[in-house]
Structure formats: structure tokens, C-alpha cells
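Here's the structure, in C-alpha cells; my notes come after.
The values are calculated or read from the model by the stated rules, or taken from the named source; none is laboratory data. These numbers were taken from a predicted model, which means no experiment stands behind them. Positions of Cβ are backbone-derived with ideal geometry, glycine not excepted, and every protein chain shown enters the neighbour counts.
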Amino acid sequence: MDPRRKAAHAVIQMLNESGYEAYLVGGCVRDLLLDRVPNDYDIATSATPSEVQNLFARSVATGIEHGTITVLWDQETVEVTTFRTEGVYEDHRRPSGVQFVRSLRDDLQRRDFTINAMAMDLDENLYDYFDGQTDLASGMIRAVGTAAERFQEDALRMIRAARFAAQFSFSIDPLTKEAMGRCKQDVQYLSVERIMTEMDKILGSPTPHIGFQVFLHTELFHHMPPFTRWQWNQERVRERLTHIPINCQRAGKWVWFLLAFGTTADSLESRARECKCSKKDSQLFRSIMEILAQWEKVKMPDEKWMKQILLCYGMEPVVESYYIRQALTNETGLEMKELRDWWEEMPVRKVTDLSIQGNELISSIGKKPGPWVKGVLSELCRLVALGEIANQKEILLKVGGQIATKYS
């Protein structure tokens, strides 16, 4: 058994033995029914936060205002939340308060979608008051109760509906989708951080186009920050986001997404920053776009050109740019197998793969350290990668000395 599930079961058992109801709830139950490994296991219980803390010495009040206590069990952490109902949502994001209750049904009734509103006990008995299992079997995302009320409580639920549709290749219930169209303006109140967390999950899903089709159909994009501040062509966005390269991984999908909205090399940095992308992601996206620009100029790349690109950028951005170019132009000038073979046969892929180090080069040449060292090593790396010289210490020092004369 998954160690995280084992820990959750142990926590539930202790709660049960102490006279409290306790169940696995939400996404973990959904994933178990889909034969997927859950990312985490959440527990809902009739015990109050103070009762949970008294029962588990190793616990932390991580969200006590919402009734959540994190229990430390063995090497795992398990979130335990008291059954609750929620007050009025005043900002389309958070309830004004919560009220702890002793009823599992009342707790499940406040959740977003029927497939997330199920509970399971230690004997794997399912508690499904809103036909979540039926919707799961038919591949349907349906709001619990009145959809408009759920979306008015928290506008992020509309974006989450699209995300679940993308992750599971599900459809959205017509009444739920209709309510999304009516409540679409409320997404303007959401933070970019919350939106982009969901967007990243959509782009990392197997079928992101399904989620984006929902956004396009309901016109959520027109009210969703930061896209409301961008100038973009609706037809291009619709066309591109309906046909996302299936072989691209997350980074390639992100670049495709940004390109769909008319992002250029000049606007990439600012738009990636607006989307709260990390510096690492931004650099990776830039590398992919730079390769695309160079590919456009070369048209028909040969082995030498491609090996230099691989050496400069590494395999990941090259592969992602390959699939993007293939989708844009239906031609790349080479097969993916060639590209991978060239990468594999390169004797070095970075400067640290060379048989010499900078101090050896300095000692051999008798020249003071300076920027020239990096330049010489980079050139040596390129020559070895292209097979023009061998990666042997004597040869590298000799050729390195010749190259160093170019530096004053």
C-alpha cells in the first residue's frame, strides 16, 4: 500500500477508535475510483480541531481557521479537516467564516463538483450523496447543487472545471457550463497566482485543448487576468489552442500557449512574469523561442548546425522547438531519430565533459586568468562535440593554446 495512504488509514483508525467519524474525502477518493494514484490523502472528521490536536501529539495547526490540522504520522503528513459548512463568500474567493458540524453530508454538500464530493471509510464503503460515482463513470464534470451558487462562492471553480476536464478528458455538464457563461465576469476578481496554478495543471495534462475549449466556449479568457491586458487575435487563439502539439511536454505547451496569444521575443519576458512563471521556466521558454527563430532562418538544418544548437541549448528545448515547428509548418528538415542520434553520439555536451579544466589550461599556456579561459573552453567543447578534435588532454592543451592567441 502507498505509504501516504497507509498513514491516512492509521489516522482514520485512531479517530474511529476514539469515537469520531473519519473518512478519506475529495480528490483522493475520486482518483482511487479511477485507479489513479492520488497526490495526497485528505481526511474529513467529526472531531473538532482541538480534539484532533489532543488526540495526535505530533500535529500542526496549519489551517485551524478552516478546521485543518496537519498530522505527522511516521514520515508522512496527513491533513485532517473538521466537517464544516461555510459562510457567505464576500470576494468570490473565500468564505466569511466556517461553522463546524457533525454531519458528513453537510460537509460534502459545500464542495465544488460531484466527483470531488465523495467519501470513503476504512472498509472502502463509499458515501456518495450527489451521484459523483455516476458522473465519474460517464466522464462528466457537474457542480454540486446549483452551479451558479457554487461559482459565485468561488469563481476559481470555473477554471477548475476546465482543468478537471483537461486532466481526465471529461465533458462538462450542460447546466454547469451554462452557469460558467453567466458567471464568467467573476473570474476578474481572482489573483493571477490562483489562475496560473490551474493553468499550469491544464498545460501539464494529457489533453489541454479540452480545457481551453471550455474557456473559449464560455468566454472566460475575456475576463481572466492577465489576458484581459493583452492584445490578442481571437481566431488565432481559438485555432492554436484547439490544436496543441501532442508530443510537446509542459514547457513546449507553455510556449505554444504564449505564441497563440501573440507573444513575441520582445514581450516574452514581461508576459512570463505576468503569468508568474519562475525564472527557470522563463529561460527555458526563451531558449525554445530562440531555437524556433534560428530554425526559421536555416530552413533545412544539417548535422553540424543541429549539433551546435544542441550544444548551446541542450536536448529539452531543442526537442520542444522541433515539435512546435513541426506543428506550425509541417516540416523540420530532419527526423526526430536523427536529432536524438546526434545527441547521443556527441562525445561532450558541456564544458565540464572536457578532459581538461581551466587551471590546467592556464598553467599550460602561462597566461593570467581571465575571461579568455571560458571562451577557449567553450570553443574546445564545440570542436570536440562536432568531432573535429579528440577529447584528449594533450590535443586540447595544444589547440587551446592556439585559440588563446586570439584573446588579447
statement: For the range 316-339 the number of residues that are touching a residue at least 24 places away in the same chain (Cβ under 8 Å) and not in a helix (DSSP H, G or I) is 3
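Among GLY262, GLY252, which is the only one that is over 20 Å from ALA165 (Cβ atoms), assigned to a loop (DSSP other than H, G, I, E, B) and touching a Phe, Trp or Tyr at 6+ places or on another chain (Cβ under 9 Å)?
From the options GLY262, GLY252, the qualifying one is GLY262.
Can you tell me which residue within the range 340-390, out of those that are in contact with a Pro (Cβ under 9 Å, 6 or more places away or on another chain) and not small (Gly, Ala, Ser), is surrounded by the most Cβ atoms within 10 Å (Cβ to Cβ)? Even if it seems obvious, please write down each step before you answer.
The initial filter retains those residues of the range 340-390 that are in contact with a Pro (Cβ under 9 Å, 6 or more places away or on another chain), namely 353, 358-359, 362, 384-385, 387, 390.
Now drop any that are not not small (Gly, Ala, Ser), which leaves 353, 359, 362, 384.
Working: ASP353: 13, ASN359: 10, ILE362: 18, VAL384: 25.
Step by step, filter the range 340-390, then rank; the result is VAL384.
Of the residues in the range 136-167, how many are touching a residue at least 60 places away in the same chain (Cβ under 8 Å) and either among the hydrophobic types (A, V, I, L, M, F, W, C) or under 17 Å from PRO208 (Cβ atoms) (or both)? Full working, then the answer.
So in the range 136-167, the residues touching a residue at least 60 places away in the same chain (Cβ under 8 Å) come out as 136, 152-156, 158-159.
Restricting the remaining residues to those that are either among the hydrophobic types (A, V, I, L, M, F, W, C) or under 17 Å from PRO208 (Cβ atoms) (or both) gives 136, 155-156, 158-159.
Residues flagged as touching a residue at least 60 places away in the same chain (Cβ under 8 Å) and either among the hydrophobic types (A, V, I, L, M, F, W, C) or under 17 Å from PRO208 (Cβ atoms) (or both) within the range 136-167 amount to 5.
Every residue, every condition in (1) surrounded by 14 or more Cβ atoms within 10 Å (Cβ to Cβ); (2) in the same structural domain as ARG163 (by TED's automatic domain parsing); (3) modelled with pLDDT of 95 or more; (4) within 26 Å of PRO49 (Cβ to Cβ), yes or no:
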site: GLY87; (1), (2), (3), (4): no, no, no, yes
site: PRO95; (1), (2), (3), (4): yes, no, no, yes
site: PHE100; (1), (2), (3), (4): yes, no, no, yes
site: ASP107; (1), (2), (3), (4): yes, no, no, yes
site: ASN116; (1), (2), (3), (4): yes, no, yes, yes
site: MET120; (1), (2), (3), (4): yes, no, yes, yes
site: ASN125; (1), (2), (3), (4): no, no, yes, yes
site: TYR129; (1), (2), (3), (4): yes, no, yes, yes
query: Name the residues in the range 169-197 that are closer than 11 Å to GLY211 by Cβ and either in the same structural domain as LYS253 (by TED's automatic domain parsing) or surrounded by fewer than 21 Cβ atoms within 10 Å (Cβ to Cβ) (or both), would you?
result: SER169
- prompt: Do you know which of the residues in the range 227-249 that are assigned to a loop (DSSP other than H, G, I, E, B) and in contact with a helix residue (DSSP H, G or I) (Cβ under 6 Å, 6 or more places away or on another chain) is surrounded by the most Cβ atoms within 10 Å (Cβ to Cβ)?
  reply: CYS248
